[in-house]
1. Can you list the lysines whose alpha carbon is less than 24 Å from that of Lys98, not counting same-chain residues fewer than 8 positions off?
2. Could you derive backbone 3J(HN,Hα) for the range 201-208 from the dihedral phi with the Karplus parameters 6.51, -1.76 and 1.60 (θ = phi - 60°), listing whole Hz in sequence and x where the residue is Gly or Pro?
3. Mind ordering 107-117, 138-148 by average Cβ neighbours within 10 Å, highest first?
4. Report the local net charge at Ser138: Lys and Arg +1, Asp and Glu -1, summed over other residues whose C-beta lies under 15 Å from its C-beta.
5. Ranking Leu16, Leu123 by Cβ neighbours within 10 Å, fewest first, what do you get?
Amino acid sequence: MLAIFYKEIGSFFSSLVAYITIAAFLVITGLFLWVFPESSILDYGYAGLDSFFNIAPYIFMFLIPAITMRSFAEERKDGTFELLATRPVTDYDIVVGKFLASVAIIMLTLIPTFIYYITVFQLGVTKGNVDTGAVIGSYIGLFLLGSVFVSLGLFASSLGKNQVIAFTIAVFLCFLFFSGFDSFSQILSLQSFSSFLTGLGINQHYQSISRGVLDTRDLIYFLSFCALFILLTKTILGSRKW
């Protein structure tokens, strides 16, 4: 598993696409946070990172599929996955190794954004007048959200050999599970079923953690979601033996 992890990290950062992807995330979030008047902290007049944590999930919907789309699709296209499968590693090791590598990349992408918090901390009318608990909770929520999107991206990549199709499916799945269930619940008039649908979606649990409250139910939801799609990805890979 560790060999797969190091291989994926090395492979990612050996390509120019890696640096372009991370730079694009930082530039886009920086523009929304400091430049665009609709979401700029400077125009908002409040020392907080709400605009960053509101826009980041939608950027992740495209960023993470771009990272994960090559995980299995490229190896299947190049014929290297069969070579990998002959090594003394299980399908579980392969999937979890690639999952942890992608999650580590997401973490490395988020680390530079800490400068946003430091800047807001310093720029407040009263220095340090920032809801640090909410910021920490939002970062935890964003990290868990990124992990879920990674599991969806790996699942999409395992379905075929075409990276573009894997990217498209992953974006669709990320949007569906993040916002789709909320939209469906608004269409239905039955309140109890609407609440059930909303609870199935990621957004409600993400918003809950972003308020700085680490509810065990939300943590179980994210971990279970990741485990489910890791299992589905392993099942797809294992189907070659059937």
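FYI, it's all coordinate maths here, none of it is from the lab. Remember, predicted model here, so these are calculated numbers, not experimental data. FYI the Cβ positions are ideal-geometry reconstructions off the backbone, even for glycines, and counts take in every protein chain you see.
1. Lys7, Lys77, Lys161, Lys234, Lys241
2. x, 6, 4, 4, 6, 5, 5, 5
3. 138-148, 107-117
4. Net charge in that neighbourhood comes out at -3.
5. Final ranking by Cβ density, sparse to dense: Leu16, Leu123.
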